[in-house]
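Beneath this line is the structure, given in structure tokens, with notes to follow.
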Amino acid sequence: MTKFKMAEAFQKVEQEGKKAFTAYIMAGDGGLHTLKNTILLLEKSGVTVIELGIPFSDPVADGPVIQEAGKRALKEKVTLTQILGELASFKEEISVPIVIMTYANPVFKVGAERFAQLCEQAGVSGVIIPDVPMEEEAEFREPLAKRDIAMIRFVTLTSSDERIAQTVKDAEGFIYAVTVNGITGARAGFADDLSVHLSRIAEQSPVPVLAGFGVSSKEQAEELGAACGGVIVGSKIVQLLHEGKGEEIKQLIP
């Protein structure tokens, strides 16, 4: 399930006149044994891509809801290699593309080459490492590229026009467009000029631009998705799953 599988998924929703909907979940929250059923639930709900978070002790990009989910997963003593091994055990039973969201330290611990091998064995389509800037991505990106796994880049609200142009050049998978200055978590609203910002990135990007951080309702997903390729929803989904309300996730999808 390489980056080409993800590209096909994006192409399919575009042909259907829809926007991509990426759902973030924390691997190991509730125990690693729940991962398969959670992924199957999300697939049934109609998500385009699943972003699978790896629990980490210092999650600099994550807000309170996802931090707490990470703590619960760490209490289960879940590791990066265990998660990828579990994913590999049922990859043939799922069709939705999986993107791994982790940090540099867990990858360093495993080794970038070994990490790429494990991702390939698990059928992973892409990888997000938010604490690795574009200038330092080569040692992570090259082993992944050999296996047709995308390394996904970020654009923030403070990115200059020059930085945006550099970021979208040779971009893979999708561009993660951060919608707020801060960490993840539900927001009541967004800056008035956000749609203009997203549209500007989308005009330049060779891959879909997905808006993430703070999206927590169907209305917000529709509003932001109108300006780009779709959205990423995390904290709201993590909370619903923790509360045993997974069936409500489909109500978030435009």
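The values are calculated or read from the model by the stated rules, or taken from the named source; none is laboratory data. Because the structure is a prediction, the values reported are computed rather than measured. Here the Cβ is made from the backbone with ideal geometry for all residues, glycine too, and neighbour counts use every protein chain on show. Calculation scope for accessible area: heavy atoms of the full protein, side chains included, ligands and nucleic acids excluded. Shrake-Rupley method; radii C 1.70, N 1.55, O 1.52, S 1.80 Å.
Among 129, 84, 152, whose Cα lies farthest out toward the positive end of the dipole of the range 69-165, if unit charges sit on the beta carbon of Lys, Arg (+1) and Asp, Glu (-1)?
84
Pairs of alpha-carbon atoms within less than 8 angstrom and 6+ residues apart define the contacts here; what relative contact order does the range 1-95 have, in percent?
Normalised by residue count, the contact order of the range 1-95 is 33 percent.
In the chain, what percent of the accessible surface is made up of carbon and sulfur (1.4 Å probe, ligands and nucleic acids excluded)?
Of all accessible area on the chain, carbon and sulfur atoms account for 48 percent.
Please name whichever of 242, 221, 143 sits farthest to the positive end of the charge dipole of the range 111-254, dipole taken about the Cα centre and charges placed at Cβ: Lys and Arg +1, Asp and Glu -1.
242
Any idea of residue 248's accessible area? Nearest 10 Å², probe 1.4 Å.
Accessible surface of residue 248 is approximately 80 Å².
What does the helix-only formula give at 222 nm for the chain: each DSSP H stretch with n ≥ 4 adding -39500 (n - 2.57), the total divided by the residues, and the result rounded to the nearest 500 deg cm²/dmol?
When only DSSP H runs of four or more count, the value is -12000 deg cm²/dmol.
With only Lys, Arg, Asp and Glu charged, each at its Cβ (+1 for the first two, -1 for the last two), find how big the charge dipole of the range 16-150 is about the Cα centre; round to the nearest 20 debye.
That gives the range 16-150 a dipole magnitude of about 420 debye.
Normalising by the residue count of the chain, find the relative contact order in percent from Cα pairs under 8 Å and 6+ residues apart.
22 percent.
Rounded to whole Å, give me the distance from the Cα center of the range 130-156 to that of the range 205-254.
Here the answer is 24 Å between Cα centres.
Roll a 1.4 Å probe over the protein chains and send me the accessible area per residue for the chain in Å².
44
Rank these by accessible area, largest first, 1.4 Å probe: 57, 160, 125.
Ranked list, largest accessible area first: 57, 160, 125.
Might you work out the accessible area of residue 18 for me, using a 1.4 Å probe with all protein chains in place, and round it to the nearest 10 Å²?
120
State whether the chain is rounded, prolate or oblate according to the following rule on the C-alpha gyration tensor (a ≥ b ≥ c being the square roots of its eigenvalues): a/c under 1.5 gives rounded; otherwise a/b larger than b/c gives prolate, and the remaining case gives oblate.
rounded
Run the dipole for the chain about the Cα centre, Lys and Arg Cβ at +1, Asp and Glu Cβ at -1, nothing else charged, and hand back the magnitude in debye, nearest 20.
Dipole magnitude for the chain comes out near 540 debye.
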